[in-house]
1. Check every one of the helices (runs of 4 or more DSSP H) wholly within region 22-116 and list those with 2 or more residues that are in contact with a Leu (Cβ under 7 Å, 6 or more places away or on another chain) and small (Gly, Ala, Ser).
2. Given the conditions (1) under 22 Å from the mean Cα position of the chain (by Cα); (2) in the same structural domain as Ile127 (by TED's automatic domain parsing); (3) in contact (Cβ under 8 Å) with a residue 40 or more places away in the chain, report the number of the one that Trp164 does not fulfil.
3. Return the residues of region 376-399 that are modelled with pLDDT under 70, of a type outside the set (A, V, I, L, M) and surrounded by 12 or more Cβ atoms within 10 Å (Cβ to Cβ); say none if nothing qualifies.
4. Kindly list, by first and then second residue, each pair from a residue in region 54-70 that is in the same structural domain as Asn138 (by TED's automatic domain parsing) to a residue that is of a type in the set (Ser, Thr, Tyr) and at pLDDT 85 or above, limited to pairs with Cβ atoms under 8 Å and residues at least 6 apart or on different chains.
5. Any residue in region 109-131 that's closer than 13 Å to Leu148 by Cα: show its pairings with residues that are of a type in the set (Ser, Thr, Tyr) at Cβ separation under 7 Å, as long as the two are six or more apart or on different chains.
6. Search region 345-357 for residues being assigned to a helix (DSSP H, G or I) and touching a residue at least 40 places away in the same chain (Cβ under 8 Å), and hand back the single one that is nearest to Ala223 (Cα to Cα).
7. Output the residues belonging to region 304-361 that are of a type in the set (D, E, K, R) and more than 19 Å from the chain's Cα centre (by Cα).
Amino acid sequence: MPFSSLAFVSALPFIVGLYWLLPRRNFQDIFLLLASSLFLSLSGISDLAILVIILCCVSFIVFFAQKNPLRHDLFIKILILALLTILFYFKYLTWISTEIFGIPRSWWLPQQQPMGISYYIFILIGILLDIPKGGAGNLPRKLPRMVLFFPILLSGPIVRFRTWSVQWGNSRKKNALKNITAGTQLFMLGCFKKILIADAIATTIAPVWTTPSDFGADAIAFALFGFYLQLYADFSGYTDMARGIARMMGFHLPVNFRAPYLAATPMEFWSSWHISLTSWIRDNAFTPMSISIWRRVRSKKLVPIVTFAMVVGLMTLVGLWHGASSKFILFGMLHGVCIGIWYSVVGQGKKMTRNIKLLSWLLFQLTLMLSLVLFRADTFAGAGEMLSGLFQKSTELSLNDGLIGLMVATAFVFFFQYIELKAGLAGYGRSLVALRNSTHLLPLFVIIIWGTMYMRGLTLEGVWISPADPFFNAGQEKFIYFKF
């Protein structure tokens, strides 16, 4: 059930109300487990069963490892390898077998990928890697509560053990109304991004992506830029909703975006886009791997070459994480190469002049926009049609009626990112927190959410998709990152 659906928005006040009416923290935790189980079962009972089995097995092995400290590290390594094998089986085995080796589909191949498996497998591995650092005597008991939490199940953000486990031990009765108000404001912002920007753009540009050969260069450029805006609004909108729901219940989820479209270099972009994933990969893969490899590199002249190879390799894995497809592999490799090129020219980018920074921003954001063709197109052929269509003459089919809507969407997207950028500064951050915690604004936030739900049937041109039924999911698109 998408967070942006009318059914979920209608049920959310009752879920939050019941949660806060429960007298003890243990009762609240049990309620969240039941609510999360029901939420995941709506996508399929098998999805819930797979997660429950994985959690039970991981909890048992962690418990056994803690009882055998001499073999603790060995058990944890075997468990991480097992989790990666599970992810490989469900997410990549069918693709490798059928697309690469041409093996026909068979009963032993998974029929579909369980919802959210990329996220909860990474959450579990991150928790296991953090155990030796922070220690966790009661981890087997905490583990189901920390992972089976419905706001983060389907698309993250990827929480970390050292900050997430503490929140489950704290009392959550204090400042309930402030938490509900702050969470509602975040959820409202996510609704606005998802419903009035991402879904509206998706509906408008869908015909171009379906049959790009029917459209000319202007419509294709419109569709490319439109998807560039849609992807941010869709994913950051989901994150805001997830953070908002968690905050309503007294939990703080990590910030996942920090003005990525204002980044002047690919290094800046990947440190501000899907932050929970990129920081996870940096801490758990890149840093340990680089330290290990650099110790073995005897010549300092080889360090840049080795580092470049590692960056391209890890970015290729980031691309592959997004989906079992050659398109995503190429997407990751392309961004790995971009990081190497930009770093060799401008270093960290801290000493760039204003003009050089502006030029770098234009070049990189254009490169990013074009690379997203691999994200959106169904096939390489479709991606090629979109890119080659940029050089075709205009046809009678165009999207000129949506230009005003696209301009409005652009203004909102960059305004939101400006706020994200300023939120890290002390003065602006305090003002934002004060606004978010203003309990007297709660009715206004609720009214805006329902107003946004009512307007879900609007396209960029302001035309009802379903005039007879504007409420019930008219024009609603699935969250893009659900499929990853």
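1. On the way: elements: 25-41, 45-67, 72-91.
Those helices (runs of 4 or more DSSP H) span 25-41.
2. Against the list (1) under 22 Å from the mean Cα position of the chain (by Cα); (2) in the same structural domain as Ile127 (by TED's automatic domain parsing); (3) in contact (Cβ under 8 Å) with a residue 40 or more places away in the chain, Trp164 comes up short only on (3).
3. If the condition is that a residue be modelled with pLDDT under 70, of a type outside the set (A, V, I, L, M) and surrounded by 12 or more Cβ atoms within 10 Å (Cβ to Cβ), then Ser394, Thr395, Ser398 are the ones that fit.
4. Ile54/Tyr120
5. Met115/Ser43; Tyr119/Ser155
6. Filtering region 345-357 for residues that are assigned to a helix (DSSP H, G or I) and touching a residue at least 40 places away in the same chain (Cβ under 8 Å), the one nearest to Ala223 (Cα to Cα) comes out as Lys357.
7. Of everything in region 304-361, those that are of a type in the set (D, E, K, R) and more than 19 Å from the chain's Cα centre (by Cα) turn out to be Lys350, Lys351, Arg354, Lys357.
So that you can scan it fast, the table gives a plain yes or no per residue for (1) under 17 Å from Arg258 (Cβ atoms); (2) loosely packed, with under 13 Cβ neighbours inside 10 Å; (3) modelled with pLDDT of 75 or more:
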| residue | (1), (2), (3) |
| --- | --- |
| Phe416 | yes, no, yes |
| Leu432 | yes, no, no |
| Asn437 | no, no, no |
| Leu441 | no, no, yes |
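The values are calculated or read from the model by the stated rules, or taken from the named source; none is laboratory data. Since the model is a prediction, treat every value here as computed from it, not as a measurement. In this analysis, Cβ positions are derived from the backbone assuming ideal geometry, glycine residues included, and neighbour counts consider all displayed protein chains.
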